[in-house]
Amino acid sequence: MNSQTFTLAHQIVIFGDINVCVQQTKFSYLHMKYLFFSWLAVFVGSWIVYVEYSSYTELCRGHDCKNSICDRYRKGVIDGSACSSLCDKDTLYLGKCFTMKPKSQVYSGTWGDLEGVIKCQMEEAPHYDLGNAMQHRKESAAFNQPTKGTSVERFREMILNHLKSKVGDQANLADLATQVLSITDANKDGHISLPEARSTWALLQLNEFLLALVLQDREHTPKLLGFCGDLYVMEKVPYSPLYGISLPWVMEVWIPAGVRRSMDQWFTPSWPHRAKISIGLLELVEDVFHGTFGSFLMCDVSATRFGYNERHDLKVMDARYIVPEAIFQENIRQQRCDVDEDCLYGADCLTSCDLTKHRCTPEVTRPNLAKACEALKDYTLRGAPADVREELEKQLYACIALKGSSEQMEIEHSLILNNLKTLLWKKISHTKDS
């Protein structure tokens, strides 16, 4: 009996030891699995941080840009209203980097009590041209125009000829040239120095600066606060992009594009505010379509190009892809093509390919208004009041369907634009949102 009891006890001990070994092995496996995934997470996270940091240091070269500008300022090559604050007094600060392309530096900034956006061209700044490559503006990058001994009248003539080449032979270009000369006299002493003239000439090569001049009396472009060489400071737009939410880059990496678009549509102002912002975009289309100083094409009508202020007035954030129609047509004719897609500039300016010549035709397939309406469709229809939704949807789809730029189409263009503005304005004009 005692022998049987001993054997049973011995078996229990053996089975207990085996169970402990199994549990230890299982624990060891889970521990190794945990360590492996922890190491993998650290590795992937470190790699993402490295890539993002490398991209940041490659893109964000504001310190180099400032040093280059201030070096030329101290040598007397350039001058402007922002030079002393940037280089001598250190009251113009570069803040957060928003640069998307290394050669066009974009930073938030503070200038005394003012908040603004600082834009600076690194080395050879891109000049508008078709295709993936951008021609470089060597002339203005060297700040060697106008030359020493150039009179103010000769400089005025240079400005006038340049504007004519950009926007065509408009009747009132002389007025625009006078405005340019006024801006050139940065210290307002009644005299234009050679360094001031060279800064202005460099800025005139930039489409965004040209558009700011053309639309400076309108509310849809931020005001020019100052400049130094081809670095310039624009009024800050408090809310951007037009819709959506800014997320940390760590989250952006993992969110699918479709989910991101859905999220963006939910983070928007109330419908009356969106209606007012939409009216602003329609007014901008009016301003650049056969405007005072010629026509411009909107070649990227995406949410990231626009923002708005506290009063929900639309503001252009990035005007690099709003280009003079005359220059666009001149360059697109020289573009070789095999298919229509070869005749695309930006995201939205597409012409057709003439297969007999293998050259692009000059007329865009869709007018500015059609592209603006497509951008506004979801923005204005979501949450629209029931009594206007059906008519609003009808007008938007008629607008999106607009093609070409014939005289008949221009009449229809104006009619739809006015109908949309009237429909939206009537709905909000009696509210405080107007």
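Assorted remarks:
- Between His358 and Asp71, the simple label model (points 7 Å from Cα in the Cβ direction) yields a spacing of 4.4 nm.
- Annotation: amide H-H contacts under 5 Å for Tyr239 (H modelled 1.01 Å from N, sequence separation of 5 or more, or interchain): Tyr308.
- Here the 3J(HN,Hα) profile of region 186-194, calculated from phi with Karplus coefficients 6.51, -1.76 and 1.60 at θ = phi - 60°, is 5, 8, 6, 9, x, 10, 9, 7, 5 Hz, Gly and Pro shown as x.
- Count of Lys pairs (Cα-Cα under 21 Å; at least 8 positions apart or interchain) in region 249-429: 23
- Peptides ranked, highest mean first, by Cβ atoms within 10 Å: ranges 350-359, 78-87: 78-87, 350-359
- Label-to-label distance, nm, for residues given as Thr365 and Leu160 (7 Å Cα→Cβ offset): 4.2 nm
- Calculated from backbone phi, Karplus (6.51, -1.76, 1.60) coupling profile of region 204-215 in Hz, x at Gly/Pro: 5, 6, 8, 4, 5, 5, 4, 5, 4, 5, 4, 10
- Pairwise label distance in nanometres, Asn419 with Thr150, each label 7 Å out on the Cα-Cβ vector: 5.0 nm
- Count Lys and Arg as plus one, Asp and Glu as minus one, and take only other residues whose Cβ is under 15 Å from that of Asp79; the net charge is then +1.
- Å² per residue, accessible surface of region 249-429 at 1.4 Å: 48 Å²
- Rh (Kirkwood; distinct C-alpha pairs) - region 249-429, Å: 17.7 Å
- Formal net charge of residues neighbouring Asn172 (Cβ-Cβ distance under 13 Å; K, R +1; D, E -1): -2
- Rounded to whole Hz, the Karplus (6.51, -1.76, 1.60) HN-Hα couplings of region 102-109, x for glycine and proline: x, 7, 10, 7, 10, 9, 6, x
- Long-range amide H partners of His312 with built H, under 5 Å: none
- Once backbone amide H atoms are built at 1.01 Å from N, Gly95 has Ser108, Gly109, Thr110 as its partners under 5 Å, excluding neighbours fewer than 5 places away on the same chain.
The values are calculated or read from the model by the stated rules, or taken from the named source; none is laboratory data. The model shown is predicted, which means the values in this text are computed figures rather than measured ones. Counting neighbours? That spans all protein chains shown, and the Cβs are built from the backbone with ideal geometry, glycine included. Only protein heavy atoms, including side chains, enter the accessible area calculation; ligands, DNA and RNA are left aside. Shrake-Rupley method; radii C 1.70, N 1.55, O 1.52, S 1.80 Å.
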